[in-house]
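Single-structure report; data block below.
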Amino acid sequence: MESSSSILKELTLESVKADIYSRNNPTLTPIDIEFYATTVHRILELKKKHNAVILGHNYMEPLVFGLSEQGEQGDSLGLSMSAVQTDSEFIIFNGVRFMAETAKILNPNKRVLIADKTAGCSLADDFRAEDVRILKEQYPGVPVMIYINSYADAKAECDVCCTSANAEQIAMSMPGDELIFVPDLYFAQNLEKVLEDKKKILYPGKNNSAKGAVCEVHEKFSLEDIISIRKSFKINKEDPNRMMYVHWECKPEVLQEADYYGSTTQIRNDIAHRVASGNLEKAFIASECELTSNLMEEFPSVEFATACSVRCNHMAKISLNKIQPILEAIDSGDDLSQWEVKLSEETIKRASNPIERMLSLSF
Ligand code: 13P
Ligand code: SF4
């Protein structure tokens, strides 16, 4: 995707503005660009001066997403991998708190900073270590795989972690015929269906008293919505030039209706592949709306339908105006504690095991 890498070389307010205009993002008006160019310029100037890494999740709004260079943008798996490869002292994480926590666990000696520590996630916020313990007691000896959308205390109780990019692969690499998956209840049912006959998936609420969680954004998509978008936007099932993309966190009946399902980067890569072969006209992505805003910029030849009432309010808390003060504080040597992710040594030690295990199976 278009990124700050080229403009970082010769950085002036004019070059920053020119770069943003040249991106031709249909969701950015000249009013937005003129209003925010000074802030973008200042952030990039300080990023360069302090050799800071700015990791940006695919759900960041376009101007925030553009602060990250190509290798700094991605899905949860890609950003975890980028986090272990950096040699910068400062990692600014433009995403939600569980993602910044993961970066900290992988880089205990670095300063990991997030623009708004209250940027949560309904999956992580509604699930605790206690729920993993209930399941482990009920199914002794069964390995536990935890979705990366969870906090360190819950991860610390589990054997392996996974993301939406590698859940099938990691599940199949675990020993035995059974696997506990937490906390996402729709993801669990989707995995159960995909691994039918290969592995039995046990999850919260299925013959047990543990409590799971769902993504408050993806649960908004109903089967009726998908069918009606297919109809109104003419994304016919049998037409390979028109694609209905769905994220793993959607309801099982929604996933079944997809032409393709995957992580945010896998969806992006499938679009790139189809565009390169010259055969993608229209697409809809049942996921957070800013993912589509960023893909509209990257793939101008594709006509995307959008559903911008579907926003993740947690991701939306990460704004340019909240990122700039972090870099100003780094520049002036001020206290960073309001942004810095802190975890105890013990938690880092225990939570790193499932994440490292996942990464060892992913690189
Ligand atoms: P990805 O890992 O696919 O980017 O998903 C993260 C997420 O929070 C989806 O809602
Ligand atoms: Fe969490 Fe859903 Fe937001 Fe992703 S979109 S961060 S799963 S609440």
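Here, each number is a calculation from the coordinates, and none is a lab measurement. Just so we're clear, the structure is a prediction, and the values are computed from it rather than from any experiment. Glycine also receives a Cβ, built like all others from the backbone with ideal geometry; neighbour counts cover every protein chain displayed.
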(message) More than 17 angstrom separation, counting every C-alpha pair in segment 39-78; what % is that?
(response) 26 percent
(message) Among T347, F221, Y59, whose Cα projects farthest towards the positive end of the dipole of the chain, with charges put on the beta-carbon of Lys, Arg (+1) and Asp, Glu (-1)?
(response) T347
(message) Taking each pair of distinct Cα atoms in segment 268-355 once, what is the resulting Kirkwood hydrodynamic radius in Å?
(response) 16.9 Å
(request) Name the residue farthest towards the positive end of the dipole of the chain from the options L11, I180, Y36, assuming +1 on Cβ of Lys and Arg, -1 on Cβ of Asp and Glu, about the Cα centre. (result) I180
(request) Note the count of lysine pairs whose C-alpha atoms are less than 16 angstrom apart in segment 1-123, limited to pairs 8 or more residues apart or on different chains. (result) 6
(request) Return, ordered by residue number, the residues of segment 243-283 whose backbone nitrogen is under 15 Å from a label point located 7 Å along Cα→Cβ of M81. (result) 263-270
(request) Scan around E178 for amide H atoms under 5 Å from its own, H built in the peptide plane at 1.01 Å from N, and keep only partners 5 or more places away or cross-chain. (result) K200
(request) Report the antiparallel proportion of the DSSP beta bridges in the chain as a percent, rounded to a multiple of 5. (result) 5 percent
(message) As an exercise, use a Förster radius of 22 Å and the Cβ-Cβ distance of K198 and S362 to find the FRET efficiency, rounded to the nearest 0.05.
(response) 0.65
(request) Any aspartates and glutamates with Cα under 16 Å of the K220 Cα? List them, leaving off those in the same chain fewer than 8 positions away. (result) D184, E249, E253, E257, E288, E290
(request) Obtain the nm distance between the two label points defined at T118 and E298 by a simple spin-label model: each point lies 7 Å from its Cα along the Cα-to-C-beta direction. (result) 3.1 nm
(request) May I ask for the distance between the Cα centers of segment 243-270 and segment 43-57, given as a whole number of Å? (result) 32 Å
(request) Subtracting the Cα-Cα distance from 0.36 nm times the residue separation, let me have the gained length for D334 to N51 in nm, one decimal. (result) 100.2 nm
(request) State the dimensionless ratio Rg/Rh of segment 185-240 (Rg: radius of gyration of Cα atoms; Rh: Kirkwood radius). (result) 1.12
(request) State which helices in the chain qualify, where a helix is a whole DSSP H run, it must extend 24 Å or more along its own axis by its Cα atoms, and its mean Kyte-Doolittle hydropathy must be at least -1.0. (result) 30-49, 345-362
(message) Which order do the peptides 148-154, 91-97, 201-207 come out in when sorted by mean C-beta neighbours inside 10 angstrom, highest first?
(response) 91-97, 148-154, 201-207
